[in-house]
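> Dropping a structure here in C-alpha cells format, bear with me for questions.
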Amino acid sequence: MPSVNKETSTFVSGKLACAATLHRPQTTGEQTQHPAILMVHGWGGIQDLLVGPFIDAFTAAGYAVMTFDYSSWGDSEASRGMSSTPGNEYVRPNWH
C-alpha cells in the first residue's frame, strides 16, 4: 500500500459544512504540487465507502485525490434522514 498524506477539512455548500479529505502522495524532494482528482461517490454513500482501492491506485500514480460527503451524509452537516428530490438539491459547491 502506498504512503499517503491525509488531511481532513470542510467546505461550505449553501449554509452547511461538508466533510472533505485530501489524499496526497507521499513525496520526497521538492515536489509539492500534484495533478488532482475529485472523487465523487454514488448517491447514498460516504467518502470512505468503496473508494479506498481507487484512492490507493491514484495516489500511487502521483495524483492528489479529494473525497467528500454530500450534505446530510457521513460527517457533513444537515438533518439526518434528509434526502434530495429533483429541483431541491442539497450540494451546491461554490467554485469561485
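The values are calculated or read from the model by the stated rules, or taken from the named source; none is laboratory data. Nothing here was measured: the structure is a model prediction, and the numbers come from that model. All Cβ positions, glycine included, derive from the backbone under ideal geometry; neighbour counts span all protein chains shown.
> Out of all the residues in segment 46-67, which are among the aliphatic types (A, V, I, L, M) and either closer than 17 Å to T10 by Cβ or within 9 Å of the chain's Cα centre (by Cα) (or both)?
Of all residues in segment 46-67, those among the aliphatic types (A, V, I, L, M) come to 46, 49-51, 55, 57, 60-61, 64-66.
Passing the criteria: I46, V65, M66.
> Let me ask you something else. Residue check: is P25 touching a Ser or Thr at 6+ places or on another chain (Cβ under 6 Å) and modelled with pLDDT of 80 or more?
Working: touching a Ser or Thr at 6+ places or on another chain (Cβ under 6 Å): yes; modelled with pLDDT of 80 or more: yes.
So P25 passes the test.
> Going residue by residue through segment 29-37, is there one that turns out to be of a type in the set (S, T, N, Q) and part of a strand (DSSP E or B)? Don't jump to the end; show me each part of the working.
From segment 29-37, those of a type in the set (S, T, N, Q) are 31-33; that's our starting set.
If we keep only those that are part of a strand (DSSP E or B) as well, we get none.
Within segment 29-37, none of the residues are of a type in the set (S, T, N, Q) and part of a strand (DSSP E or B).
> Residues being loosely packed, with under 12 Cβ neighbours inside 10 Å, within 28 Å of A78 (Cα to Cα) and out of contact with any strand residue (DSSP E or B) (no Cβ under 6 Å at 6 or more places or on another chain): count how many of those fall in segment 15-66. First the steps, then the outcome.
So the first thing to find is which residues in segment 15-66 are loosely packed, with under 12 Cβ neighbours inside 10 Å, and the list is 15, 26, 28-33, 35, 38, 42-44, 50, 53.
Applying the additional criterion that residues be within 28 Å of A78 (Cα to Cα) yields 15, 38, 42-44, 50.
Now narrow it down to the ones that are out of contact with any strand residue (DSSP E or B) (no Cβ under 6 Å at 6 or more places or on another chain): 15, 42-44, 50.
Count: 5.
> Now for a different question. So the check is Cβ under 9 Å with 6+ separation or different chains; which pairs have a first residue in segment 37-60 that's touching a residue at least 12 places away in the same chain (Cβ under 8 Å) and charged (D, E, K, R) and a second one that's assigned to a loop (DSSP other than H, G, I, E, B) and exposed (fewer than 13 other Cβ atoms within 10 Å of the Cβ)?
D56/M1
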